[in-house]
Structure formats: structure tokens, C-alpha cells
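Asker: Quick one: this structure, given as C-alpha cells, is what I'll be asking you about.
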Amino acid sequence: MACFWLNQDATNVEILSYIQQKEAVFYNIQVTVGEIFWVIPRRYSEFYALHQTLVMDHGLSKDILPDKQLLHIRSPMFIETRRKGLEKYLRHALTFLQQTMPKVFVNFLGFNKYDIFFLLQDMAVKMFSEADTILSRDKGHDFITLELFALTEFLQKAIPVPECSEHKCDIGVILDVCSQLQIVNVKAEGRSNTDTLYEKSSIDLCKLQFDLSPFKTLHMLNLEKLSMQQLVGLGNLRNTLVTLKVNKCRVSSIADVLQCDIKWKELETLDLSSNDIKQIDSTLLLAPKLRNLLLNDNDITTIENLSSMSNLSTLSIANNSIKRINELHTKVGNILYLNMSQNGIQSCEGFSKMYSLESLDLSCNKIFDMKEIQHLGRLLNLNNLALTGNPLAGFVDYRVKVLEYFDEQAKDLVLDNEKPTQPELDKVNVLKALRIVREGKVPDLKINLSLSVLTLMQNLVLATCQDEVF
Amino acid sequence: MSAGPYNYSYIFKYIIIGDMGVGKSCLLHQFTEKKFMADCPHTIGVEFGTRIIEVSGQKIKLQIWDTAGQERFRAVTRSYYRGAAGALMVYDITRRSTYNHLSSWLTDTRNLTNPSTVIFLIGNKCDLEGQRDVTYEEASKFAEENGLMFVEASAKTGDNVEEAFLETAKKIYQSIQDGRLDLNAAESGVQHKPSQPGGRPGTAAGGDQPGRDNCAC
């Protein structure tokens, strides 16, 4: 990021080009401060308005701005002359105003967006007037990396700010708000997925390191599209953080996030979805209170190192590379909600003793044998099951066949987000009766069946009898 | 609907703990199936059983988690203490070492359950009087010192098995009546299911069941 006060001698303004959009001509002002530059497009009318204020309030000489003109204003020659004139004007104004740097001039050149000091100044003003709303917002406060980097730099480097009423930047306000914030979202929004430069500048968002220690009472931190190397002082949040989300940050191991040795005392939810994690490693033990672990969209192949997580109740590992599950109940304990959709699972045998499960999502796997479902039939606490997107979900009477394995429990089982309908349950009962008949026993006539079902059953029994005759 | 298996008003969660081979799975089997299971295999991780009982006219469903006693499963079984309303701590009266380990089981239970969890000490295999290694008086004193309920039982003959499970339920029910146990707390190990006509009481919100009561018979 730029810092004007440290680079006053290395600051330059140029107008290198212009763009024509319909009626208007935009002059691309390139501001260079030290090693950083950015481009900001301005129209002549904006120059004119700026000039009026500067003349009135800051004593800039009146006649240095190129004149207004009415004719031939779109001819290239005229625009070129005006470009040169405006560039000369800006340089003059910058030299004249470089000690005072009036707000209107700062904003015109975009310093408030790319310069450490001027950005913080704006932020302080905003936080002073909106502190209550910021702190009461349920969704927390959104920071861009630039803001946090500016804060970190400002606190670490002595920036020589001239004493002038216009240059008061009350950093205390910012720190005060930060120390009270409970939910913070930090997102790096580069120009595209591969280009990490910030808007129209040469600031590389990936290289900005920032310190999280100003957040003293943070409960929830959401990080997106950052790299872990950018974060300093994440460890300072260990005592307060309850929820930590690190998404799309190319994290390659859980250890990169939880670091080592010291416990995360309050952490209950850890969401590391959309990263490059290949393994569930033992650093999770540093978060003994962890209840919810979300590792969707990674590259995990086995479930391991979770046996000691005695508070874990939700585990979500959707869209990973898990192909086989063996005796899952010896690897994870008392979990209620398990999402393993979009993996390559073929067999349900490994789930057969996960008695604690209330909800199991196995959608979009490779289960094709209906017999696999019998392993789930004994999960007496299960009330929500998703199997859609598996090869077996395309079978005729798929729902009824699945529900049949659940016996008495079937009527309370939400399968693929739908409760069983009465006709489905009737069919399940019919299949059950048929099975009993086939096994040579007398069907239990105490089962409550509606009249229509009895007729249906009769027909089916007749049909099977006929089958047996031929 | 006839009195189906879902006609109950409370769920109590139990956990059975204790050293390997003291007869935890056999106690569960005796309680749920009323049979003795000879040659019971080692439990891998955890097993599960349910039975509906009646306490003071209330139907209560017991969800019982039978944990593996082997040390290698200790980590995984620890997670089942969470939300247990009752803990049955079992030792073998013919093996002193299983009795000596009780204090470590008790520490785990106290650390991992909530204060209102009822802990019941069971000295199993009391049919093997000839091989007795721990006296009734000694265990009884230990139970008293630690505020535990205590009984000697036999999963083989069925002696006192029902009593142990039922007494625990009575004590839990008493805690509810006294208001000592907060039903709304997630980890209380007790769920209240107010009876609804024609269906499992208190299923998930919005679970309307169209056509269920229009059954033609």
C-alpha cells in the first residue's frame, strides 16, 4: 500500500491516456507513490469542480486550469492538448498543496482508497459516527485486507503526519471498535481468481500481512480468499474465538490454521471448506470443545484422528475423496449429524454401528446395491437420510425399498427431504407381509391396513402365487 | 394407532461403563432381551439398545449406550458420556482389578457428564459367590462415600438387573420432578415428548402427517 507522508518526494501524477465513453472523455490519472501506483479516471467537469473548491478554500491560483471549451471538444487533437494541460495542472496543484493535502484533493486523486493514512482517516470518521450500528450488526463487520493492513502498518511504523486540523486521524476510535467487535469477516477481492491486484492499482492483495491482535473479544472470524501467511497474531484469538471459518484460502493442512501447542479454549465450530486439505490431522486436539467440523470441498481420503474429539456432534466432509468407510463407530464417537455427500462411497457397512446418528447425508455417492441399505436399517435414532444421486436412487420403487429396511421407523424417516407418503408406507407394509408369506409364516393381521391396501395386497399375493405356479 | 413402540413421553440416555469383561454387554442384553448371552464377543467401540419402561405411570424410553471396555476405544467411548442422564458403572466382584479401576471411571464420569447425571454402581457376577474377590461391604462403603447408588447383580441369572436400570430411571425422574434437571438443556440426557395422537410424539417441527388419521380402519 501507498504511504504519501513517507514518500512525498517520490510522489508523482501523470495522465498517460484517456478513454472515450459515449459523450464523455475520461482522463486516466496515474498516481505514483514510491513503488505503488494506481489509476483513477476523471472527467474534465470533475477537474473543474475540484478547481473551484481549491481556488475558493485553499488559495490555488485561478487561471491554471485549461479553459472550458464548447466547440471541437471531441477532436483527438483537442483532447491531447487538454490532457497535457490537465497533467500540468495536477502537478502544479500537488506541489502547491502537498503540505496541506485538502480532503477534496485527496479524494479526487484516490488517496483515500489506496493510501494507508488517508484510508484510515476515512475509516476513523466512519467508525466514530457509526460505532453503534457497526457493533450491533448481527452479521458482524466486513473488512477488506487493505484496511487491516493499513491499521497494522500505522501501528508499527512512525508515519510523520503534519500537524494540521485536517489531518487528524483518530486511530483510537478504530482500535476501540475493533476491540469490541465480536464478528469479523475478512475477504480479499482481487480483480479475478488468478489476478490478486487490488482494483486499478499495483497493490498485490496476497502480499499484505496484517495483525489480528486488535480484536480482543472476537467470537467469530470468517476469512475468505486469503493466504495463511498473511495472518499475523491469529493465535491471540485462541481464548475468545468460538467460530472460525477459513474458506477458499488454499490451506493445505489443518495444522496451518490451528498452529501448534496452545489450546483453542472456546472453539466450537471450525469450517475449513474449499481448501486443499488432504488429511484430518491431530492438531484438532488443540480444540477440545469442538462441536462442528466442516471440511467440505477438500481432498480428504480417510476419516482419522477424530476419536478423541468427545464433543463433536456435526461432521461434514462433503465433496472429498473418501471411497471406503470401515467401522466408522470406532473412529468417531457420538455424532448426530454426518454429511458425506459427493464422495465415492459404495458400501454402507461402515456406518452400521453409528447408532448416534440422527441425520446422514450420503447423496451423490456410488451406492448401487440396495442390500447396502440394510446396514443403515438398525440406526434407531436416524430420522433424516439422503441417498439421492446414487445409482440405486434410479431403481423402480427406490423409496419404498429403502423404507422397507427401516421397518417401524420408516414412517418417521425423512428420506431425501421428504416424509414417506401414506401410499408409500402402505406399500412398505405390503412388502413386509409378502416377505412374511414367502418365509412361510402367517401374516400378522393385527397390522393396521386400509381397505385399499388389503385389495392391493390380495392382488399381489395372487400374482406371486401365480408366479409360483408357473 | 395402537400402543406402538413410540408411545412414550420421555427419553432417558444411559451409558454403561467399566473394565473389559465385567459384563456390560451382558447386562444390557439381559435387560433388553431378558436372556443371558453366553460367549458374548468383545464390544467394538459401542453398542446400543433401547427398552421402554414405566415409572410413576409415565412411559419412558431408555436409550442405552454400551461402551467398549478396552483401553484402545477409550477415546471414542468418552464422547458418549456427553448427554447421559444415567451412568451404570460396572465391576466384576470376582476380579479385584476391575474394582480398583472404579475411581478412574468415576473421574471420567464426573468430568464428562453434568452434575445431575445419576451414577449407579453395579457389582456384576454375584452368582459366582465362590470366587468373590470384593466384599459387598467394601463396595457399599465406596458407593456411599462417593454418593453412588449401589447393587450387586448377575447378568446370568438376571438378579437385580431390572432393579438397577429402573432405580436409575426413578432417580432421574425424581430429579425432573424436583426441577433439579433442566429438560431444556441440550446435554441433560433427557428428552420430553409430549404425547400427540396418531404418531410419534414430538417429531421434528413442521412434520405434519397428511392422511395418517384418515386411515380407513
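Asker: I'd like to know which of A:Pro214, A:Cys249, A:Ile300 lies farthest towards the positive end of the charge dipole of the range A:204-339, counting +1 on Cβ of Lys and Arg and -1 on Cβ of Asp and Glu.
Answerer: In the range A:204-339, that residue is A:Pro214.
Asker: Still on this structure, please answer the following. Answer with one residue from A:Ile144, B:Phe120, A:Asn381: the one whose Cα lies farthest towards the positive end of the charge dipole of the protein assembly as shown, charges on Cβ with Lys, Arg +1 and Asp, Glu -1.
Answerer: A:Ile144
Asker: Any aspartates and glutamates with Cα under 19 Å of the A:Lys419 Cα? List them, leaving off those in the same chain fewer than 8 positions away.
Answerer: Cα-Cα hits under 19 Å: A:Glu358, A:Asp361, A:Asp397, A:Glu404, A:Asp407, A:Glu408, B:Asp208, B:Asp213.
Asker: When the dipole is taken about the Cα centre of the range A:206-346, and only Lys, Arg (+1) and Asp, Glu (-1) are charged at their Cβ, what size is it in debye, to the nearest 20?
Answerer: Details: 15 positive and 13 negative charges, 27 e Å.
In total the dipole reaches around 140 debye.
Asker: Helix A:451-469: angle to the longest alpha-carbon principal axis of chain A, degrees 0 to 90, nearest 10?
Answerer: 60 degrees
Asker: Something else now. Collect residues whose amide H, placed 1.01 Å from N in the peptide plane, falls under 5 Å from the amide H of A:Ile29; neighbours closer than 5 in sequence don't count.
Answerer: Close amide H contacts, sequence-distant or interchain: A:Ile40, A:Arg42.
Asker: Also, quick follow-up: Work from the charge dipole of the range B:1-78 (Cβ charges, +1 for Lys and Arg, -1 for Asp and Glu, about the Cα centre) and give the residue of B:Phe12, B:Phe36, B:Val46 farthest towards its positive end.
Answerer: Farthest towards the positive pole: B:Phe12.
Asker: In µm²/s, what is D for the range B:10-194 at 20 °C and 1.002 mPa s, where D = kT/(6 pi eta Rh) by Stokes-Einstein and Rh is the Kirkwood radius from Cα pairs? Spell out each step's value before the answer.
Answerer: Details: Rh = 16.3 Å.
In µm²/s, the coefficient rounds to 131.
Asker: If you put +1 on each Lys and Arg Cβ and -1 on each Asp and Glu Cβ, how big is the dipole of chain B around its Cα centre, in Debye rounded to 20? Could you put the intermediate results ahead of the total?
Answerer: Numbers: 24 positive and 26 negative charges, 121 e Å.
That gives a dipole near 580 debye.
Asker: With viscosity set to 0.692 mPa s at 37 °C, what whole-number translational diffusion coefficient in µm²/s follows for chain A from Stokes-Einstein and a Kirkwood radius over Cα pairs? Before the final figure, lay out each step's value.
Answerer: Numbers: Rh = 27.7 Å.
Rounded, D is 118 µm²/s.
Asker: Rank B:Lys141, B:Lys156, B:Lys170 by mean-square fluctuation in a GNM of chain B with C-alpha springs under 10 angstrom and give only the top-ranked residue.
Answerer: Between B:Lys141, B:Lys156, B:Lys170, it is B:Lys141 that shows the largest mean-square fluctuation.
Asker: Label points 7 Å out from Cα along the Cβ direction at A:Lys323 and B:Glu144: separation in nm?
Answerer: Placing both labels 7 Å beyond Cα along the Cβ direction yields 6.3 nm.
Asker: Same structure again: List, in the order given, every pair from A:Lys265/B:Lys141; A:Lys84/A:Lys200; B:Lys34/B:Lys170 whose Cα-Cα distance in the structure shown is over 31 Å. Could you put the intermediate results ahead of the total?
Answerer: Details: A:Lys265/B:Lys141 38 Å; A:Lys84/A:Lys200 22 Å; B:Lys34/B:Lys170 20 Å.
Flagged as over cut-off: A:Lys265/B:Lys141.
Asker: Report, in whole Å, the centroid distance computed from the Cα atoms of the range B:9-84 and the range A:39-104.
Answerer: Distance between centres, Cα-based: 84 Å.
Asker: Less than 17 Å apart at the alpha-carbon level, and either on another chain or at least 8 residues along: which lysines does that give for A:Lys88?
Answerer: The qualifying lysines are A:Lys62, A:Lys68.
Asker: Compare B:Thr43, B:Thr168, B:Thr67 in a GNM of chain B, Cα atoms joined below 10 Å, and give the one with the largest fluctuation.
Answerer: Comparing B:Thr43, B:Thr168, B:Thr67 in the GNM, the peak value goes to B:Thr43.
Asker: Nothing charged except the Cβ atoms of Lys and Arg (+1) and of Asp and Glu (-1): what's the magnitude of the dipole of the range A:118-402 about its Cα centre? Round to the nearest 20 debye. Mind showing how you got there, number by number?
Answerer: Numbers: 29 positive and 34 negative charges, 192 e Å.
Dipole size: approximately 920 debye.
Asker: Do you know the relative contact order of the range A:118-402, to the nearest whole percent, from alpha carbon pairs under 8 angstrom that are 6+ apart?
Answerer: Value for the range A:118-402: 9 percent.
Asker: Hey, what angle do you get for helix A:44-58 against the long axis of chain A, alpha-carbon based, 0 to 90 degrees rounded to 10?
Answerer: The answer is roughly 60 degrees.
Asker: Also: Going by alpha carbons, how many degrees (0 to 90, nearest 10) lie between the helix axis of A:116-136 and the longest principal axis of chain A?
Answerer: 50 degrees
The numbers here are math on the coordinates, done by the rules we state, and not lab data. Since the model is a prediction, treat every value here as computed from it, not as a measurement. Methodologically, a virtual Cβ is constructed for each residue, glycine included, from the backbone with ideal geometry; neighbour enumeration extends over all protein chains shown.
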